[in-house]
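Comments concern the structure below.
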Amino acid sequence: MSVKSILESMEYGPAPEGDGPARDWLAANQECFGHFINGRFSRPGADRFESNNPATGEHLAWLSQGNTRTVNQAIKAARSAQPAWEKLGGAQRARYLYAMARQLQKHARLFAVLETLDNGKPIRETRDIDIPLAIRHFYHHAGWAQVGDAEFDDHQALGVIGQVIPWNFPLLMLAWKIAPALAAGNTVVLKPAEYTSLTALLFAEICQLVKLPAGVVNIVTGDGRTGAGLVEHPDINKVAFTGSTEVGRVIRRATAGSGKKLSLELGGKSPFIVFDDADLDSAVEGLVDAIWFNQGEVCCAGSRLLVQESIADKLLKKLRRRMDKLRVGNPLDKAIDIGAVADPVQLKQITTKVKAGIKEGAEIYQPKLPRGLAARGCFYPPTLLTSVEPAFEVAQQEILGPVLVSMTFRTPAEAVALANNSRYGLAASVWSENINLALDIAPQLQAGVVWINSTNQFDAACGFGGVRESGFGREGGRAGMLEYMKPVAEAGLPDLVASPAPIQPQEALGETIDRTAKFYIGGKQARPDSGYSRSVLDPRGRVISQVGIGNRKDIRNAVEAARKASAWSGNNTHNRAQVMYYLAENLQGRADEFAGRIQQQCGGRKAAAQLEVDTAIDRLFSYAAWADKFDGATHTTPLRTIAMSINEPHGILGIVCPEHQPLLGLISLVAPAIAMGNRVIAVPSEAHPLSATDFYQLLDTSDVPGGVVNLVCGNAAELGQVLAEHNNVDALWYYGDRQSAASIEAASAGNLKVTWTNNGRQIDWFDPSQAEGKTFLQRATQIKTIWAPYGE
Ligand code: ADP
């Protein structure tokens, strides 16, 4: 291109980044890699697969397919390295993490080029976003290691962590996984995605460079089979996964009942909402970042444009004009906006889904790719689909490509309804110059992250993660650190004492005792749908009462009642505290009666029953106090933006209560849940349900709104299963035997609800270090991070 023609056309000339050092690195390894286990690279295996450059199709390297033996070796190495790594202490671990950050910084360009070659994403992004953010993650978590011994003094490391990551941000996802795990004192086995393993292998060399103790970081390459082998291995303590919802579900089922901690960062179909008072030029640039950054291969991509009807034509016109200017081409060219899709398999998926959308009735706008580009590699043009209905597959399913679907709304309420009309809940963007409107909409969106007048902002200090089928758990910041630790009080808990033999149902009619304790649903006493009840026995086997036997229908009614009580989940923390104080006072007023009931059902000494009631009263007072004090945070990030994390309730929370301590067990679980704004469906102690059925008289007299606490008695395992399978139950706490917990965790995979079980361990409900406090509040909430830019 001559200078004259450049001046005439104002076209960019090519500005390719040199790939010499990356190619030298590949050549130095004979373009052939083994696994990184116990501080050394293994010899490349005979079972191998190819890593190609998706922009050109050319071969980059041979990688080894990890098998059972490899995974065993890696986990063994991690297990034997873990105690010493934890014992080293936070300050010493911090030194290693700082050193890793420094070395990444020193070799940043090599990482950026290698990532671009392997993944196809533009060098502009790897150089300016992926690698700097990965470095920032190591620095930030070096800091957490440094201060962690004091900040998390009641927590300890989990042990060995199995981590599986996707191909869209290979090094960045590695950093998100490895940095917090190591900072907290764990060791890891990480499996990168099969399309993009090269920067993970280069990172292994960084581990060697900083002389990280052998076995602390292990990297095993391979496809989904290797990933499955890793997550199913009995000797890991946690699985951290980022990838598709489909595989997330498989992993949820595979780890059910294993006691492994789990965090899942899954798919999304995030709304990008533009109100009529938005700065439209900024919104268009926002859309470019939302859906054409990284070829749209971003789990939190703003892939659903929801635009207010009155400005839709104007915005779409501007958008099409901008799309025409986007430059698709060689990812190593510094002036390229959109590079190559990561793999031919992914390209095919995008093409198929877009074709299906057109068949459904969508209209497509797609600038032409430069001539010959599609033949060279996996390129797909920026794409806009209009005339899309909310029920279309393209509006519901994740595409993970540069494809935007557009729909319109009229009112803010309709915008919220459309935005939440998704099984996902990862992120959302809200565009309006009216700060009141934006801050009114943000909390109503079911998403883990909300960006106001911005999009795709990330920082190591801020929690990132989703709700609903976008998974659970957070990465980044304090919440992210806690994912890699457990409370010290959890260690060494004894196994749960076996439950008494099941109690036989009897016809309610014809019983000599006429009192049948009812359920409590929507603020009213309710009879069991089944019409059946059973006897409640005292410790000597004498019948003391009848209680209804709950079934699926009763749970369904309770969920419906809880749905209607959504006002409880709002911002009224002061009100919640007042109601709970009142509840505590009312229990205090009837303490003797409640103690008598405990003694009648469970036997034992009067003093023990009184202690149970007194502890329950204390617990209610504690959580009443916490109701307006478990605050979120405002994060200090390197960006010109305020990032606020808010502790949001899950919504509807199912609770299966412990068998013993029928009052204290119930209150220890229900109180933190409602203090944080959840509405609860509790299944009381199966053998001793009368403390709970007495308790609802207190709920009635303490101004607890109907539907906030619902009580359904019956078989714990059976009703737990119904709660686990119910799509409108957002989270489930299960206290019971290990086997039932396993089937409940497996059943929860349906809507990927958050579960918390005792893993078959026995909690001492009288001991506040085990049975009360922040862990319960954290489990009752998930963080939503709201970002709002400031300044020019
Ligand atoms: P995506 O294509 O959305 O990135 P996938 O969920 O297919 O997501 O892949 C993400 C990661 O999960 C990859 O590293 C892949 O090899 C791995 N993986 C695929 N199947 C399984 C499985 N059954 N168990 C564990 N990991 C798996």
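Data overview
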read-out	value
Leading residue by the ranking (farthest from the chain's Cα centre (by Cα)) among those in the range 570-602 that are among the small types (Gly, Ala, Ser) and under 18 Å from Pro539 (Cα atoms)	Gly596
Members of the range 21-42 that are in a loop (DSSP other than H, G, I, E, B) and either in contact with a Pro (Cβ under 8 Å, 6 or more places away or on another chain) or hydrophobic (A, V, I, L, M, F, W, C) (or both)	Phe33, Gly34, Gly39
Enumeration of residues in the range 607-632 that are part of a loop (DSSP other than H, G, I, E, B), over 11 Å from Ala675 (Cα atoms) and in contact (Cβ under 8 Å) with a residue 60 or more places away in the chain	Gly632
The listed residue being in contact with a strand residue (DSSP E or B) (Cβ under 9 Å, 6 or more places away or on another chain) and modelled with pLDDT of 95 or more, out of Phe41, Phe49	Phe49
Scope the range 268-319; condition farther than 21 Å from Asn434 by Cβ, part of a helix (DSSP H, G or I) and charged (D, E, K, R); matching residues	Asp289, Asp313, Lys317
Residues (part of a loop (DSSP other than H, G, I, E, B) and farther than 26 Å from His137 by Cα) located in the range 432-477	Ser432, Glu433, Asn434, Leu445, Gln446
Exclusive hit being in a loop (DSSP other than H, G, I, E, B) and crowded, with 19+ Cβ neighbours inside 10 Å, set Ala717, Ala741, Ala692, Ala749	Ala749
Hits in the range 332-380 (condition: assigned to a helix (DSSP H, G or I), free of Cβ contacts under 8 Å to residues at least 40 places away in the same chain and either in contact with a helix residue (DSSP H, G or I) (Cβ under 7 Å, 6 or more places away or on another chain) or away from the ligand (no atom under 16 Å from the Cβ) (or both))	Lys355, Ala356, Ile358, Lys359, Glu360, Ala374, Ala375
Residue count, the range 484-497 (criterion: surrounded by fewer than 24 Cβ atoms within 10 Å (Cβ to Cβ) and closer than 30 Å to Gly267 by Cα)	3
Some residue of the range 267-274 being within 12 Å of the ligand (Cβ to nearest atom) and touching a residue at least 24 places away in the same chain (Cβ under 8 Å)	yes
Subset of the range 221-258 [part of a loop (DSSP other than H, G, I, E, B), within 10 Å of the ligand (Cβ to nearest atom) and among the small types (Gly, Ala, Ser)]	Gly222, Gly243, Ser244
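Residues are listed down the side, and each one gets a yes or a no for (1) more than 30 Å from Ala142 (Cα to Cα); (2) at pLDDT below 95; (3) in contact with a Phe, Trp or Tyr (Cβ under 9 Å, 6 or more places away or on another chain):
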{"position": "Leu493", "(1), (2), (3)": "yes, yes, no"}
{"position": "Ala498", "(1), (2), (3)": "yes, yes, no"}
{"position": "Glu511", "(1), (2), (3)": "yes, yes, no"}
{"position": "Thr516", "(1), (2), (3)": "yes, yes, no"}
{"position": "Ile521", "(1), (2), (3)": "yes, no, no"}
{"position": "Arg542", "(1), (2), (3)": "yes, yes, no"}
{"position": "Ala558", "(1), (2), (3)": "yes, no, yes"}
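The values are calculated or read from the model by the stated rules, or taken from the named source; none is laboratory data. Only a predicted model underlies this, so the values are computations on that prediction, with no experimental measurement involved. Cβ atoms come from the backbone with ideal geometry, glycine included; neighbour counts cover every protein chain shown.
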